[in-house]
Structures are given as structure tokens and as C-alpha cells.
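Read through the structure below, which is laid out as C-alpha cells, and then see the notes.
The values are calculated or read from the model by the stated rules, or taken from the named source; none is laboratory data. Small disclaimer: the values here were computed from a predicted structure and weren't measured. Every residue, glycine among them, receives a Cβ derived from its backbone with ideal geometry; neighbour counts consider all protein chains shown. Quick note on the areas: whole protein, heavy atoms, side chains included, nothing else; ligands and nucleic acids left out. Shrake-Rupley method; radii C 1.70, N 1.55, O 1.52, S 1.80 Å.
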Amino acid sequence: MSTPPLRTAVVTGASSGIGAATARGLAAAGFHVFCAARRADRVEQLAAEIGGTAVVCDVTDEASVAALADRVGDRLDVLVNNAGGAFGAAPVAEAVSEDWRRMYEVNVIGLMQVTRALLPALVASGAGVVLNVGSTAGRIAYEGGAGYTAAKHGTQVVTETLRLELWDQPVRVMEVAPGMVRTDEFALVRFGGDRDRAESVYAGVAEPLVAEDVADAITWMVTRPAHVNIDELVIRPRAQAAQHKVHRVLED
């Protein structure tokens with residue numbers, strides 16, 4: 001009896017946060033994980049830890065994405081498009097054009113480029129999965145968030161469109177949309193390294209989500225039976241009833 005091929009997964013943005021946690025979760029579920037990110041030292045350390053493969057990749061660069069696809073080869077079971085980010089929180093009247101371009105490039109164009117490059121391998125697996133990491137910001141608007149919400153609405157709509165376009169192919173298309181997740185870098189990057197401002201996002205919230213919570217959800221989604229598609233999963237901490245309604249206990 002022949003041995004079934006080892007299941008493989010690609011996780012972009014795997015150098016930290018949700019991406020790194022997802023790579024660990026998928027490895028624990030039996031996948032060989034291609035850990036893709038720009039920071040070589042981070043992904044090499046992660047890949048060594050989980051027995052995966054490190055690939056230095058900038059999702060906004062087509063040549064870099066093509067190299068990732070070459071490394072993966074002709075067959076792939078799961079693609080987790082996690083690379084993304086928010087840059088700045090200025091109102092539209094004070095928006096920084098370059099911040100908006102960066103957000104669209106990584107959250108939409110980068111997602112498209114990686115998906116396009118790896119789709120043949122996903123189809124070849126006979127039961128591929130594309131899972132895009134969106135956000136509750138892709139479902140609602142809020143002051144100071146126009147650039148990021150526009151980009152994450154883009155992530156959501158690309159996901160919905162891809163599902164329609166692949167309706168007759170053996171590929172499932174999913175999106176996880178996290179709310180408040182406390183990671184080491186997301187808010188810090190958004191606010192240009194201003195740690196006090198980044199910490200204020202989570203002030204008084206006893207239990208925001210952490211990266212492992214989202215990774216657990218992602219692992220569950222992609223390991224459902226091949227006929228089951230989790231179109232979208234919105235995941236928030238209990239303390240966050242809505243984007244603007246968060247239970248905080250602040251000291252006087």
C-alpha cells in the first residue's frame with residue numbers, strides 16, 4: 001500500500017503573531033509548513049522549531065512570490081494568506097498616501113499575487129484550501145481607520161469573488177475575520193513604534209484574543225472534511241461586543 005503524500009501548507013507573514021502561531025498549529029496537525037515572510041532569521045528559527053521549510057518572501061514582489069511557488073512545487077494542500085498590516089490611524093483629511101498604498105499592496109495585491117501563483121498547486125492536490133486572514137475591520141467603518149478598513153474590505157471581497165470563480169474546482173475558499181487580537185507587533189507597527197499608543201488599544205481589556213486563539217480557529221477551518229467550506233468565521237474576544245463596544249476596567 002502506498003503512503004499518502006504529506007499534507008503541505010503555506011503560511012505567509014509567518015515571522016510573528018497570527019502567522020507564526022498558525023504555522024505551529026498546522027505543524028501540530030500534521031502539515032509540513034512552508035513558513036514565508038520577509039525576515040529570514042525569524043522564519044528560519046520557526047521552520048527549525050516545527051520541522052518546516054523557511055522561505056524568505058515579500059508578497060508584494062512578484063519575483064519573490066514566484067520563487068515561493070517554485071519552492072512549494074506542483075502540489076499544495078493549504079494556503080493561509082496571513083501577511084497584512086495596518087499603517088497609521090489618521091483621518092481621511094490627514095491621510096498619508098504612502099500608508100494607504102502599503103496597506104493595499106500587502107492586504108490585497110499581495111494576497112492576490114500569492115493566490116494566483118499557488119492556485120495550480122492547490123487544484124492539483126484535489127482538495128485545496130485558500131484561507132485569507134481578514135478582519136472585523138473588513139465589515140465596518142470607524143474613525144481613523146479608512147485606509148485599513150478599505151484594504152480589509154478588499155480582502156473580504158477578493159475572497160468572495162474567488163469562491164465564485166472556483167465554484168467548479170476542488171478548492172475551498174475561506175476567510176477568518178478576527179476582532180481585537182493582542183500580538184507583539186500589530187498595534188506597534190500601526191502606530192510607528194509608539195508603545196504607549198499601542199498599549200492604549202488594549203487598556204483595561206482583561207482578555208483580548210491572542211494569536212493562538214486565531215491560529216486554533218484557522219487550523220479547525222482548514223481541517224474540516226473536504227466537502228465542508230467555512231465561508232467566513234468572525235472571532236472576537238468576549239469583551240468586544242462590537243468594534244466600538246469593548247468592556248474595559250480602568251484604574252482611577
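Quick notes on this structure:
- On the principal axes of its alpha-carbon atoms, the chain has extents of 68, 36, 35 Å, going from largest to smallest.
- Annotation: the antiparallel percentage among DSSP beta bridges lying fully within the chain is about 5.
- Springs between Cα atoms under 10 Å define the GNM used for the chain, and in it the highest mean-square fluctuation of N81, N107, N229 occurs at N229.
- Around A54: net Lys/Arg minus Asp/Glu count, Cβ-Cβ under 13 Å: +1
- Look at the alpha carbon pairs under 8 Å that are at least 6 residues apart: their mean separation over the length of the chain gives a relative contact order of 18 percent.
- Over the chain, accessible surface divided per residue gives 49 Å², non-protein components excluded, 1.4 Å probe.
- C-alpha long axis of helix 211-222 to longest principal axis of the chain, angle in °: 40
- Of all accessible heavy-atom area on region 1-57, the percent that carbon and sulfur account for (1.4 Å): 52
- Multiplying each eigenvalue of the alpha-carbon gyration tensor of region 112-224 by 5 and taking the square root yields semi-axes of 31, 16, 12 Å, largest first, rounded to whole angstroms.
- Whole-Hz couplings from phi, Karplus 6.51/-1.76/1.60, listed for region 71-88; x for Gly and Pro: 5, 5, x, 8, 9, 8, 8, 9, 10, 10, 7, 9, 4, x, x, 10, 10, x
- Region 64-108 - percent of accessible surface contributed by carbon and sulfur, probe 1.4 Å: 49
- For region 105-120, 3J(HN,Hα) computed residue by residue from phi via the Karplus equation (6.51, -1.76, 1.60; θ = phi - 60°) reads 4, 7, 7, 10, 5, x, 4, 4, 5, 5, 4, 4, 5, 9, 4, x Hz, glycine and proline entered as x.
- Listed peptides 198-205, 82-89, 210-217 by packing density, highest first (mean Cβ within 10 Å): 82-89, 210-217, 198-205
- The share of accessible area on region 166-252 that comes from carbon and sulfur is 50 percent, using a 1.4 angstrom probe.
- Computed 3J(HN,Hα) for region 150-155, one whole-Hz value per residue from the Karplus formula 6.51 cos²θ - 1.76 cosθ + 1.60 where θ = phi - 60°, is 4, 5, 6, 4, x, 4, glycine and proline marked x.
- Segment V210..E143, full-extension length gain: 21.7 nm, with 0.36 nm per residue of separation and the alpha-carbon distance subtracted.
- Simple Cβ-charge dipole of the chain, Lys/Arg +1 and Asp/Glu -1, about Cα centre, in debye nearest 20: 420
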